[in-house]
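Visitor: If you scroll down you'll find the structure; I have some questions about it.
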Amino acid sequence: MWDNPRLANAAANALYVLSLALIVYAGTRVLFESPVFLLKRIVVDSELQHVARSEIVNALQGRVKGTFFTVDLEAVRALFEGIPWVRRAELRRGWPDRLEVRIEEHVVLARWGQRREPQLVNTQGELFRGRSDAPLPVFSGPAGSEGEVARRYASFRDVLAPLALEPRQVLLSSRLAWQLRLSNGLTVQLGRDSDRDRVDERLARLVSAYAQTLGKSRHRLDYVDLRYPNGFALRAPEAAKLEPRKTARKRA
């Protein structure tokens, strides 16, 4: 091969290119890992209501590795999104030694479950960790149903708006039956959806008949069952004491 000038020149050129590439690679590694470009600041460009600076420091301290060039943005984003009340974090590099972060906090809608430290539900119907002292409605249902419960809560609230009542508790049972507890203390048993009769329609019938039925009751009502096809059943504690064997029933 060395007797062939063309091949010899080609081999020499290839070695030259390889050597140049190795030099560029080594120089790039030295540049990228230089202490000059170590990250010195993380700038949070968001107004935060629930996330404290101390929580960010505790979550990131000692865990952010690399320089301006080599830092793993996805790993740092995951650290931010592991902080309670952080729904989403967007990161970008800021020349020459900082990270710039925009944080989207959860907007709380309700509590989930009745445990000592219940999770919260945001307005997208997503569960998240966090604490809130606000008076929130309580949702409950099978695992994975929080999005559907949040969606139905909004629907139930709209249906009840003419009565100036709101759902304070929304329960979806394991058999997919719905139950509400309203702001006036009334428990509403809605039952399950069917092809012919959806729970929203049952609740709407109650609202339309409320003024002429529940609204005229002389007794405080604590329970209404809407699972009847042509009416609903009521329970009044005071009336039950007087007539323990009778259940008041109204037709819608």
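Visitor: Under the condition of being touching a residue at least 12 places away in the same chain (Cβ under 8 Å) and surrounded by fewer than 19 Cβ atoms within 10 Å (Cβ to Cβ), which residue from segment 138-158 is nearest to Ala110 (Cα to Cα)?
Guide: Across segment 138-158, the extreme among qualifying residues is Val138.
Visitor: Could I ask something else about it? Within segment 61-79, can one find any residue that is of a type in the set (Phe, Trp, Tyr), under 24 Å from Ser132 (Cβ atoms), open to solvent by less than 40 Å² (accessible area, probe 1.4 Å) and not in a strand (DSSP E or B)? If you could, list the steps in order and put the result at the bottom.
Guide: Filtering segment 61-79 down to residues of a type in the set (Phe, Trp, Tyr) leaves 68-69.
Still in the list and also under 24 Å from Ser132 (Cβ atoms): none.
No; the residues of segment 61-79 include none that is of a type in the set (Phe, Trp, Tyr), under 24 Å from Ser132 (Cβ atoms), open to solvent by less than 40 Å² (accessible area, probe 1.4 Å) and not in a strand (DSSP E or B).
Visitor: Quick one: is Arg152 assigned to a helix (DSSP H, G or I) and more than 19 Å from Tyr223 (Cα to Cα)?
Guide: yes
Visitor: Pick out the one residue from Leu91, Leu39 that is open to solvent by less than 60 Å² (accessible area, probe 1.4 Å) and at pLDDT 90 or above. Give the steps one after another, and end with the answer.
Guide: Numbers: Leu39 fails: at pLDDT 90 or above.
Just a single option satisfies the conditions, and that option is Leu91.
Visitor: Right, another one. Any residue that is in a helix (DSSP H, G or I), without any contact (Cβ under 8 Å) to a residue 60 or more places away in the chain and in contact with a Leu (Cβ under 9 Å, 6 or more places away or on another chain) - is there at least one of those in segment 209-229? Quick ask: steps written out before the conclusion?
Guide: First pass over segment 209-229, keeping only residues in a helix (DSSP H, G or I): 209, 214-216.
Now drop any that are not without any contact (Cβ under 8 Å) to a residue 60 or more places away in the chain, which leaves 209, 214-216.
Now drop any that are not in contact with a Leu (Cβ under 9 Å, 6 or more places away or on another chain), which leaves 214-215.
Yes - at least one qualifying residue is present in segment 209-229.
Visitor: Another question, then. Check segment 236-244 and report whether any residue there is of a type outside the set (Val, Ile, Thr), at pLDDT 75 or above and out of contact with any helix residue (DSSP H, G or I) (no Cβ under 6 Å at 6 or more places or on another chain).
Guide: no
The values are calculated or read from the model by the stated rules, or taken from the named source; none is laboratory data. Source: prediction; values computed, not measured. Cβ sites come from the backbone with ideal geometry, for glycine too, and all protein chains shown count toward neighbours. Areas reflect the complete protein model, heavy atoms only, side chains present, ligands, DNA and RNA absent. Shrake-Rupley method; radii C 1.70, N 1.55, O 1.52, S 1.80 Å.
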